[in-house]
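These notes are about the structure you will find just below.
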Amino acid sequence: MLKRHPWLPLYLSLLITLIIWGAAIFNLTPDDYQQAALESDTLFARLIEPWNHWDTPFYLSIAENWYSPGGAEISFPPVYAILVGALGRILGGAYLPASLLISWVSLAIACALIYDEFQAYTDAESSLRAVKYLLIFPTAFFFFAGYTESIFLVFLVLAMRGARKEIWWQAGMFGLLASMTRFIGIFVAIPFAWIWFQKPLKEKVRIAAWLSPIPIVFLGWIWLTDKLYGLNPISAGLKFWYIKTDWPWVGLFGSIKSLIEEPKFFGNYQYADVLSVFLFMAAVIYAFRKKWIPEALFMGSLMVVFLIKVLEFDLLISTSRYVLVLYPSFLLLAEWGKKKWFDVAWSILSVVYMFQLSIFFFVGK
């Protein structure tokens, strides 16, 4: 098992450590700073309740009660919530444990897939190093939370692998699931279109038949939610989350200015957001130089989306979390990690920063 999956010890160590860390931080933090209280005082509740924050309650609400007219949860896509709802009912209504189990299992599957996929681009040692950097990225604790990051990553890798190997039913099915797990999944259509345009006419019809459900279902969901609930995911995001669209440099420069004027470190994700912009844009350039065109197109298009979607007060919004799913980018870090000093320095700093940022996730308002 360890020979086939050498990333597994790190994954399990992080999982166990983050569960204990979350419980410890939650218990040690003053009540007036905590965003939520424990539902019970059992050991099980103390271990899992610190994860029931931020976006997770929305997914749990959808899983249990589905959508409601005009509700903020309309900005969240349905696939992850459907899975949580199904498993939660099997577990007797334990929706939070169900959400965490799905994320933990999905992350393990994603690591296995990515480790194998990376070996189509580089050697086994660098592939392992890239998976390691993915798992210890400063915001990687979101992979372990009741969020969509982990299962989206599974669908995304399978979709991209299907396109790379020209298994178009796989690309179409998992591309569809990705786009309905996180709406940014629709951007797999860009690398798919690039591959499609290069095919002869007789193949284009067959490929289009497999891929066309991706935009059809995506647009259909936007239309359906608008008709049924009086709000679609795009308008809900703008209404409830203080989001606007602007020029790509507005959020970046606004975040840099904010950090200079108010250099607060604790609980401030803006440092990680700004770092992520420069790091992952470098990864896009690296992918183009390596001629990994589909991967570069996907990563580049999403980086543009992450940059133009900013908070109303001109700051980047969760960029350091959003970039987690740009998994080919970690091959650049793996290349830098061939230098021992970089590997040691990045690993230590990244893990320390992860646990520092996670404090605000577990208890912050």
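Each reported figure results from applying straightforward, stated rules to the coordinates on display, with no laboratory input. Everything numeric in this text was worked out from a predicted model, so none of it was measured. Glycine also receives a Cβ, built like all others from the backbone with ideal geometry; neighbour counts cover every protein chain displayed.
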message: Under the 0.36 nm per residue contour assumption, what length would be gained going from the current alpha-carbon distance of Leu219 and Phe278 to full extension?
response: 18.0 nm
query: Summing -39500 (n - 2.57) over the DSSP H runs of n ≥ 4 in the chain and dividing by its residue number, what mean residue ellipticity at 222 nm do you reach, to the nearest 500 deg cm²/dmol?
result: -21500 deg cm²/dmol
statement: Ranked from fewest to most other Cβ atoms within 10 Å of their own Cβ, Ile214, Ile234 fall in the order Ile234, Ile214
query: Quick one: net charge of Thr139's neighbours, Cβ under 10 Å, K/R +1, D/E -1?
result: -1
Relative contact order (%) - the chain, alpha-carbon pairs under 8 angstrom, separation at least six: 22 percent
- request: Taking the Cα centre of region 8-363 as origin, sum charge times position over the Cβ atoms of Lys and Arg (+1) and Asp and Glu (-1), and report the length of that vector in debye to the nearest 20.
  value: 1340 debye
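Work out which helices of the chain, taken as complete DSSP H runs, extend at least 18 Å along their axis over the Cα atoms and score a mean Kyte-Doolittle of 1.6 or more, then list them.
TM-like helix candidates: 8-28, 293-308.
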message: Restricting things to Cα coordinates, could you compute the convex hull volume per residue of the chain in Å³?
response: 152 Å³
- request: In nm, give the distance between the simple-model label positions of Ile190 and Ile293, each being 7 Å from the Cα along the Cα-to-Cβ direction.
  value: 1.5 nm
Dimensionless Rg over Rh [region 194-248; C-alpha; Kirkwood]: 1.20
- line: Going from the fewest other Cβ atoms within 10 Å to the most, one would list Lys264, Lys199 as Lys264, Lys199
field: Listed pairs Lys257/Lys340; Lys3/Lys290; Lys165/Lys338; Lys264/Lys309 exceeding 26 Å between Cα atoms
entry: Lys257/Lys340; Lys3/Lys290; Lys165/Lys338
Radius 10 Å from Cβ of Tyr327, net charge of other residues (Lys, Arg +1; Asp, Glu -1): -2
field: Under 14 Å from the Leu28 label point (7 Å along Cα→beta-carbon), backbone N, region 322-365
entry: 355-360, 362-363
message: Taking R0 as 30 Å, what FRET efficiency do you get between Leu101 and Ala72 from their Cβ-Cβ distance, rounded to the nearest 0.05?
response: 0.75
task: With a point put 7 Å past each Cα toward its Cβ, work out how far Ala45 is from Ile167 in nm, to one decimal.
output: 4.5 nm
statement: Using alpha carbon centers only, region 42-78 is separated from region 1-30 by a whole-angstrom value of 22 Å
